[in-house]
Amino acid sequence: MHLFDTATRSKREFVPLRAGAASIYVCGATVQGLPHIGHVRSGLNYDVLRRWLAHGGLDVTLVRNVTDIDDKILTKAAAAGRPWWEWAATHERAFAAAYDALGCLPASVEPRATGHITQMIELMHRLVDTDHAYEAGGDVYFDVRSFPGYGALSGQRLDEVVQGELDEGAKRDPRDFTLWKAAKPGEPSWPTPWGPGRPGWHLECSAMATFYLGPEFDVHGGGIDLVFPHHENERAQSNAAGDGFARFWTHNAWVTLGGEKMSKSLGNTLSIEALLKRVRGAELRYYLVGPHYRSMIEYSDAALDEAVVAYRRIESFVARVRERVGSPVPGTVPPDFAAALDDDLGTPAALAVVHGAVRDGNSALDAGDRDAALELAGAVRAMTGVLGLDPLDPRWAAGASDDAAATALSTLVGDLLAQRQDAREARDFAAADGIRNRLTAAGVSVEDSPDGPTWSLKDA
């Protein structure tokens, strides 16, 4: 397997630090508000990576942190008249529910920043003792000039660095960044040798990653917006303290809306709760893991609808085989699928293999080749299982059973649309029109687009 490493700006062969195991640290949520699809994309992408590594026989440890103390959390909690810890805990539960609703495997551990103050103080001690950090006015800062490799991860020169910290405090150099913030009236604080205060964002992740994964580990992941300053600063303080830290730095791209990054500050968020009232968890997961993790997703209702149709074609095929032949057992993933995921987790090419197997399987089923259809359905289940999208996974089957009529309709319409598409590709337009007429008579409105058909109930 090869992964794109941000630090070297190249694809590199992934060879785990420890034979038979893989270690991944993913920057998780700052629990200041409700999760939207931009937030959870990272969790989904690294869930697929974890599943693929585990499929290859590795024992995977995935750490995904929770930042539960932060300026924004304090500000929003105060504005709402609620305790900061209650505000953080409420939104942490919302994130956990969102990850679960979209089929993310539970993290091996999900540490909170406030639970690891001791480890942060120990890291600061190491940095201060080696002159990489200093105390000033009750704050503790990292001395950027003390680390010659600063800027290598993000590709910045030292004279270009702007940390973006609102309060420069007593820094020796504006390019230095905050490790520890001195206590302010009314804010939470913890005691340290340099006075009471609370941790800076960058310090938290370095302390938690090395506490659970050791001084060196395989993969550090997160959104592309974290490359600078967060990951640049993590790398600097960890390496300066003597830790090898991450061997691969990987970053997923944004979800955008109207060409802009989805963020609460822009007011252009789409909450997971709202979207799950419109589509099922498996369908939303398909939409978010289908594009390559390093490609931007420009959200649109039409694109989401197309993803729903595509997933239902897979679901419909597996349901047809189950009904006509018997329940397929997950088989072996095809070589082309494996090659796609081994090439920097190429989910678009991997899904193309899935849909190829669905087309072949439907043809085999229509031709009465039950054995071939069953084998292909087993391959589809194996591939979608790696992607967390197996239609017969109890998670998705249980969700579907809540509305058996809707599920039956989705399966039927998806089946007919698949047959209609096959007829059109074979230029049998009479058969294709006949299927459309059947759907129209049943009250189903079909709209064609260059990316495939969408459907809805006429009285909906």
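The values are calculated or read from the model by the stated rules, or taken from the named source; none is laboratory data. Remember, predicted model here, so these are calculated numbers, not experimental data. Every residue, glycine among them, receives a Cβ derived from its backbone with ideal geometry; neighbour counts consider all protein chains shown. Note: areas computed on protein heavy atoms with side chains; ligands, DNA, RNA excluded. Shrake-Rupley method; radii C 1.70, N 1.55, O 1.52, S 1.80 Å.
Odds and ends about this structure:
- Cα centroid separation - the range 337-371 against the range 246-304, whole Å: 24 Å
- Amide H contacts of Val109 (H built 1.01 Å from N, under 5 Å, at least 5 apart or other chain): Leu62, Arg64
- Per-pair calculated FRET efficiency, R0 = 35 Å: Lys277 and Arg157 via Cβ, rounded to 0.05: 0.15
- Within the full protein context, the accessible area of Thr210 is estimated at about 30 Å² for a probe radius of 1.4 Å.
- Extension gain, Thr90 back to Ala426 (0.36 nm per residue minus Cα-Cα distance, nm): 115.6 nm
- Pairwise Cα inverse-distance average, inverted: Kirkwood Rh of the range 295-341 (Å): 13.3 Å
- Formal net charge of residues neighbouring Asp131 (Cβ-Cβ distance under 15 Å; K, R +1; D, E -1): -2
- Charging the Cβ of each Asp and Glu at -1 and of each Lys and Arg at +1, and nothing else, the dipole of the chain about its Cα centre rounds to 500 debye.
- Value of D in µm² per second that Stokes-Einstein yields for the range 1-143, Kirkwood Rh from Cα pairs, at 10 °C (1.306 mPa s): 90 µm²/s
- In degrees, nearest ten, helix 117-129 long axis to first principal axis of the chain (Cα): 50 degrees
- For the range 135-197, the list of trypsin sites (Lys or Arg not before Pro) that fall in a loop by DSSP and count at most 14 other C-beta atoms within 10 angstrom reads Arg157, Arg172.
- Close amide H pairs (under 5 Å, H built 1.01 Å from N) link Ala152 with no residue at least 5 positions away or on another chain.
- Ser189 sits with roughly 60 Å² accessible to a 1.4 Å probe, with DNA, RNA and ligands left out of the calculation.
- The range 83-98 and the range 136-199: distance between their alpha carbon centers, rounded to Å: 27 Å
- Shape call, the range 236-334: gyration tensor on alpha carbons, a/c limit 1.5: oblate
- Rel. contact order, % - alpha carbon contacts under 8 angstrom, at least six apart, the range 194-268: 33 percent
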